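Each remark here refers to the structure printed beneath this line.
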């Protein structure tokens, strides 16, 4: 993959991943929450959308390696790498994080005492687990994994050999923790981290001058991923095996799709690329909005004879729409301003 080559397919993948997570949470409020509609069957069919996170992890591995492969073993590139990662993740996240902390501070005791714990709050600010594996924001747990990935990848920039050893040990320990363990260490060495390595492998394969059966790889991966999405909703316990299998399917689908795009055999619609651009805002903003709209909607109109599917679609549109507005009105101007400071 040439340094200048950018696959619209990968950006579209971000948008689809974000939508899957929104669908999962919309179905949770419509189906799982006992004080709302409580149509549990809806939740069973749609909760597999949570596997959009696995798609995100694979994409992160691909994008970070593709963007910074030429910086490996170049310590002088580290400040730029860290600044780019910081401005992309933290400023927008902090807006929603502090809104969440304020809400917890003024809300009646929910029985989740950890939400007001100083260590949990400090960990949330840094996105590094400090003496706690808990998070204030429901969706923030993945960002802890992302930041950990960036820290290990940054070692490759400092020293290729040392970084490769450290990264390999981290991957190995993450594989070891396929066996359930204490919550804190399972968050540091989560098997989900293997998907970052899988994404790096996909990016490396895209560098190769070969002609793989791209359509076959894409469809095989897409079928595997969608099968996992369906299974995850109907298994008593989702299990790491399903999540890692979904990651493998996502990796195959992304690799095949990127190869097909490179050959000029399909064009990715602009609206799907835009959705990918807005994916981080959608991911951060949707939960708070879906939660609020669901509770207000149920209290006022929940007993109207409206099919539950309509409510789910409405919640998804509200969550995604709020994220898109956040992207246009806050994230883009913020990134432009911070970009000038870099």
Which labelled figure in [x] 56, 55, 46; [y] 59, 47, 45; [z] 89, 44, 39 is Cα extents along the principal axes in Å, once derived from the coordinates: [y]
Once residue 169 and residue 304 are pulled to full extension, the length gained, defined as 0.36 nm per residue separation minus their Cα-Cα distance, is 43.0 nm
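Counting other C-beta atoms within 10 Å, which of 142, 135, 168 has the fewest, and how do the rest follow?
Working: 142 17, 135 22, 168 12.
If I rank by nearby Cβ atoms, fewest first, I get 168, 142, 135.
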In degrees, nearest 10, the alpha-carbon axis of helix 239-262 is tilted away from the dominant principal axis of the alpha carbons of the chain by 60
Please check which bits of segment 138-168 a label hung off residue 82 would reach, taking the label as a point 7 Å along Cα-to-C-beta and the cut-off as backbone N under 17 Å. 147-160, 163
Against the longest principal axis of the chain, how steep is helix 279-301, in degrees 0 to 90 to the nearest 10, with axes from Cα atoms? 10
Between helix 52-68 and the chain: long-axis angle, C-alpha atoms, 0 to 90°, nearest 10: 30
Peptides ranked, highest mean first, by Cβ atoms within 10 Å: ranges 128-134, 265-271: 128-134, 265-271
So how much slack lies between residue 94 and residue 160, counting 0.36 nm per residue of separation and subtracting their Cα-Cα distance, in nm? 20.5 nm
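How would you order 201-208, 157-164, 225-232 from highest to lowest mean count of nearby Cβ atoms within 10 Å?
Descending packing order for the listed peptides: 225-232, 201-208, 157-164.
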Normalised Cα Rg of segment 197-317, dividing by 2.2 N^0.38 Å with N its residue count, works out at 1.39
Hey, rough spin-label estimate for residue 6 and residue 292, points 7 angstrom out along Cα→Cβ, what's it come to in nanometres? 3.1
Rounded to the nearest 500, what is the chain's calculated 222 nm mean residue ellipticity when only DSSP H runs of at least 4 contribute -39500 (n - 2.57) each, over all residues? -23500 deg cm²/dmol
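Sorted by mean Cβ packing within 10 Å, highest first, what order do the peptides 272-283, 72-83 take? All intermediate terms of the calculation are to be shown ahead of the outcome.
Values: 272-283: 22.0, 72-83: 14.0.
Result, highest mean first: 272-283, 72-83.
Each reported figure results from applying straightforward, stated rules to the coordinates on display, with no laboratory input. Quick caveat, the model's predicted, so the values are computed rather than measured. Neighbour counts are summed over all protein chains in view; Cβ atoms, including those assigned to glycine, are modelled from backbone coordinates with ideal geometry.
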